[in-house]
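The structure appears below as structure tokens.
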Amino acid sequence: MTNIRVRFAPSPTGALHIGGVRTALYNYLLAKKMGGTFILRIEDTDQTRYVAGAEKYILDALQWCNISPDEGPGIGGAYGPYRQSERKDLYQKYAEKLLADGNAYYAFDTPEALDEKRAAMEAEKQVFRYDSSTRMEMVNSLTLSSEAVQKRLDSGEGYTIRLKVPREEQVQVHDLIRGTVTFQSNELDDKIMLKSDGMPTYHLANIVDDHLMEISHVIRGEEWLPSTAHHVLLYRYLGWENEMPKFAHLPLILKPSGKGKLSKRDGDKLGMPVFPIGWEAEKAEDSFRGFREYGFDPKAVLNFLAFLGWNPGTEQEIFSLEELAAAFSIDKIGKSGARFDYQKAQWFNQQYIIASEDQTLARSLRNDFGDQLAGVSDDFLASFCGLLKERVTFMTDFMEMGYYFFEPVKTYEEKPIRKKWKPEQRHNFDALTAALAAIDDFTAEHLETVIKNFIAAKELKFGEVFPMLRIALTGTMSGPDLFKMAALIGKATVLERLESGYNHFDQVKAAANS
RNA sequence: GCUCCUGUAGACGAAUUGGUUAAGUCACUGCUCUUUCACAGCAGAGGUUGCGGGUUCGAACCCCGUCGGGAGUACCA
């Protein structure tokens, strides 16, 4: 195979959707696997939809995911510029070639006239399409005399250039995922190549750039499959059919319900991220959080995304980026749309946290919660992470679930207190506290022997002692190993919390009985 | 409406390309780990492979029909 060059070509019309990230990932993986080049191209041909900051967002998002492009705007490369708006003049030339060869024509119909036409047809339950069957009824260089056309052109009147799609032809698209797809040319409309503002449409710009940038594989979303027939025609008319890139149209990522493709609204509605990183809009209600802000590890997100529509055919599920690149192949990509399974995403993240080194997690926490952790030592933080990492889904869970490692207990779960606390046993608990106070070397092992010996000596049951200790120390019934936790918190804090905890328990019981 | 894509447990999906009893994972249930939660391990439940025909000794896989889901149908990408 020759040089592999793939591109991710988003439009800077807003934040990059998670489906776009997957497209970028698959492109990246193919490039890395084959020792090829991954290119970012910004398709900003629609100035009306341009959103400031979107391009930066795309770069930031790819960087967060660690799938940065080899060539692109702000990165460089031998095939630039990589913003289509900066390549505007280029497209003009190819549009003129289409015109000269009779494969395109000038069209003077205004958007308003077209809208009217469409509305009129719709009223009769028909659909208007600007194609080989209707173009002779429209205002264009096919129906106007050449003098009239020249006059309109000279007058500065707006015009578009449309592709003249042939009649009665079959157009075949070879797709690496779906095989050969055949379209009848009569079903294809005369797509606009050059808009009245002089900018190309996606179709023209895309083909020209893919060719000029020597793209070998076009990996993009399934929504492009229907227009690929036009693209094949364009390659043919521009004389590039023999060097046409290979196509692979990815299945869509569907809503959790399976009805329709995943959208921004699903994220708002279901309380889950559908974008890689957050977006700061002018209006607060237009801002949103991404996977990053939800506490996801980008490696877990990538792993999750990779499996949405692809699988290696083995039973391995946890893959590093390098392993993904090594295992990746286009023919293992599925054909049907994959639903966005947020629970699975969470599972992946949990697996990544569990597999992380305690020190790594500690560093990450200090990075995100430095203020709250000001007086906490690295060793303490690492031990804390080791204790909690198996019970956590997100990085943010550490602080929520384990806040009591750093500050006093805020709230106590009342149910177990009401059920299990016996004020008449208080003297035993106080005696246990005294026994703990006598421990010099306050390790988990010593704590365990002292407490267990105490329980045995007093002929108590584990079930009536442990839960009370746990609640007094942490306020909650769920948490890490009691002894390790207590050892980490330290003797002074433990003694203090037992005392205030028991006092609180007595109050709860007194209130319940009154 | 028209064009194209697609259909295997609730979800992701495997099945050496027509060959035993249709993998595995997430989610769910139970057990174990003799303090909780979680992790882990074990076990369980969940399927006429959308449906109906056909070809064949044999069909998830091939053929015909049918139904469902999705995408496209812009001077948006």
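Values in this text are rule-based calculations from the coordinates and carry no lab data. Given the structure is predicted, the values throughout are model-derived calculations rather than measurements. All Cβ positions, even for glycine, are placed from backbone atoms using ideal geometry, and neighbour counts span all protein chains on display.
Couple of notes before you dig in:
- Put simply, the amide H of A:G72, placed in the peptide plane, has neighbours under 5 Å in A:L40, leaving out anything fewer than 5 places away on its chain.
- Taking each residue as 0.36 nm, the span from A:T13 to A:D441 lengthens on full extension beyond its C-alpha to C-alpha distance by 147.9 nm.
- Residues of type lysines that A:K255 reaches as a straight line, Cα spacing below 21 Å, ignoring anything fewer than 8 places off in the same chain: A:K264, A:K269, A:K335, A:K344
- Under the convention that each Lys and Arg Cβ holds +1 and each Asp and Glu Cβ holds -1, the size of the dipole of chain A around its Cα centre is about 1020 debye.
- Global geometry of the stretch A:358-405, whether rounded, prolate or oblate, following the gyration tensor of its Cα atoms and the 1.5 cut on a/c: rounded
- Evaluating 6.51 cos²θ - 1.76 cosθ + 1.60 at θ = phi - 60° for every residue in the stretch A:287-296, the Karplus couplings come out as 7, 7, 9, x, 4, 4, 6, 6, x, 7 Hz, glycine and proline recorded as x.
- When you restrict to C-alpha pairs under 8 Å that are six or more residues apart and normalise by the size of chain A, the relative contact order lands at 12 percent.
- For chain A, the longest principal axis of the C-alpha atoms and the axis of helix A:88-100 are separated by about 40°.
- Distance cut-off 16 Å, percentage of C-alpha pairs in the stretch A:344-463 lying past it: 71
- Around the Cα centre of the stretch A:414-513, unit charges on the Cβ atoms of Lys, Arg, Asp and Glu (plus for the first two, minus for the last two) sum to a dipole of about 480 debye.
- Acute angle (nearest 10 degrees) that the helix A:426-437 long axis makes with the longest principal axis of chain A, alpha-carbon atoms: 80
- Counting other Cβ atoms within 10 Å as a rough exposure proxy, the listed residues A:K420, A:K332, A:K299 run A:K332, A:K420, A:K299 from fewest neighbours to most.
- Look at A:T23, A:T433, A:T110 and count the other Cβ atoms within 10 Å of each Cβ; fewest to most, that gives A:T110, A:T433, A:T23.
- Chain A: calculated mean residue ellipticity at 222 nm from DSSP helix runs of at least 4, using -39500 (n - 2.57): -13500 deg cm²/dmol
- Distant-in-sequence amide contacts of A:V139, defined by a placed amide H-H separation under 5 Å and a gap of 5 or more residues or a different chain, comprise A:F108, A:D109.
- When each of A:E424, A:E317 is scored by the number of other beta-carbon atoms lying within 10 Å, the sequence from fewest to most is A:E424, A:E317.
- Out-of-range pairs (alpha-carbon distance over 23 Å; input A:K191/A:K259; A:K56/A:K93; A:K410/A:K484; A:K56/A:K283; A:K93/A:K246; A:K410/A:K491): A:K191/A:K259; A:K56/A:K93; A:K93/A:K246
- Rounded if a/c under 1.5, otherwise prolate or oblate - the stretch A:89-194, Cα gyration tensor axes: oblate
- Descending semi-axes in whole angstrom, ellipsoid equivalent of the stretch A:174-257, from the Cα gyration tensor: 21, 16, 14
- Only the Cβ atoms of Lys and Arg (+1) and of Asp and Glu (-1) were treated as charged; on that basis the dipole of the stretch A:115-174 about its Cα centre amounts to roughly 100 debye.
- Candidate aspartates and glutamates for bridging to A:K32, where Cα separation is under 16 Å - those fewer than 8 sequence places away on the same chain excluded: A:D70, A:E71, A:E322, A:E323
- Kirkwood estimate for chain A, i.e. one over the average of 1/r between Cα atoms, Å: 27.7
- Helix A:342-355 axis versus longest C-alpha principal axis of chain A: approximately 60°, rounded to the nearest ten.
- Residues whose placed amide H lies under 5 Å from that of A:L254, excluding near-sequence neighbours: A:L262, A:A338, A:R339, A:F340
- Mean separation of Cα contacts under 8 Å, 6 or more apart, over the residue count of the stretch A:170-299: relative contact order %: 19
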